[in-house]
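The values are calculated or read from the model by the stated rules, or taken from the named source; none is laboratory data. Since we're looking at a predicted model, the values are computed, not measured. Please note: Cβ atoms are built from the backbone with ideal geometry, for glycine as well, and neighbour counts cover all protein chains shown. Note: areas computed on protein heavy atoms with side chains; ligands, DNA, RNA excluded. Shrake-Rupley method; radii C 1.70, N 1.55, O 1.52, S 1.80 Å.
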Amino acid sequence: PELLRVDTTGTIREIYRWHPPRRRGTDLIGPYRAAELADAGSDSTWRRRMADFHAVLQPIPEFEPAAIRAIASDDGHLWVQRFYLSNESTRVNDVLAPDGRWLGSVALPPGYWVLEVRGDRMLAWYRDEDDVEHLAVHRIRRPGGGESR
């Protein structure tokens, strides 16, 4: 995949390219359908509607999407959140340098969403087991113990 950073005139300023692991769509459709039906719970009407929806043949992409969102940090790094299914709790973010190089991946706790990255701090949102929303600030450290800048 690649992301382009384009300025207001339409000029490409940076090209970000990386190679995250990608799963085949045909490998994901079964677990996805099972998770959707499980999420329907005991509501028989909703379960029947979900089953009817999934019974219709729909095109399945060859591969899953590479990412679902990207956050730019104040120092020009991109935090690109990988695609995940509704039954998958871990959120993996690939971190790309301002010059487009892939620097590494950061797996966040279940349900976490990166909202903002500034200096050596990350602001994240998550919902706990009681469905209460929280904000959390975490320090970012580079491999080898150095602070992220």
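Observations on the structure shown:
- When A107, A97 are checked against the criterion of being closer than 28 Å to R33 by Cβ, at pLDDT 90 or above and of a type in the set (A, V, I, L, M), A107 stands alone in meeting it.
- All positions within region 90-120 that are of a type outside the set (A, V, I, L, M, F, W, C) and farther than 16 Å from L3 by Cβ: T90, R91, G104, P109, P110, G111, Y112, E116, R118, G119, D120
- Residue within region 2-12 that is assigned to a helix (DSSP H, G or I) and either in contact with a Cys (Cβ under 6 Å, 6 or more places away or on another chain) or exposed (fewer than 11 other Cβ atoms within 10 Å of the Cβ) (or both) present: no
- Residues within region 13-27 that are part of a loop (DSSP other than H, G, I, E, B) and in contact (Cβ under 8 Å) with a residue 40 or more places away in the chain, tallied: 5
- Residues located in region 28-48, provided they are surrounded by 11 or more Cβ atoms within 10 Å (Cβ to Cβ), free of Cβ contacts under 8 Å to residues at least 40 places away in the same chain and not in a loop (DSSP other than H, G, I, E, B): I29, R33, L37, W46, R47, R48
- For region 89-114, a tally of residues being more than 19 Å from W18 (Cα to Cα), in a loop (DSSP other than H, G, I, E, B) and open to solvent by less than 50 Å² (accessible area, probe 1.4 Å) returns 2.
- Test: A70 is aliphatic (A, V, I, L, M), surrounded by 15 or more Cβ atoms within 10 Å (Cβ to Cβ) and out of contact with any strand residue (DSSP E or B) (no Cβ under 6 Å at 6 or more places or on another chain): no
- Among the residues of region 73-88, the one identified as part of a loop (DSSP other than H, G, I, E, B), surrounded by 15 or more Cβ atoms within 10 Å (Cβ to Cβ) and touching a Pro at 6+ places or on another chain (Cβ under 6 Å) is F83.
- Condition check for R69 on (1) under 30 Å from M122 (Cα atoms); (2) modelled with pLDDT under 90: one failure, at (2).
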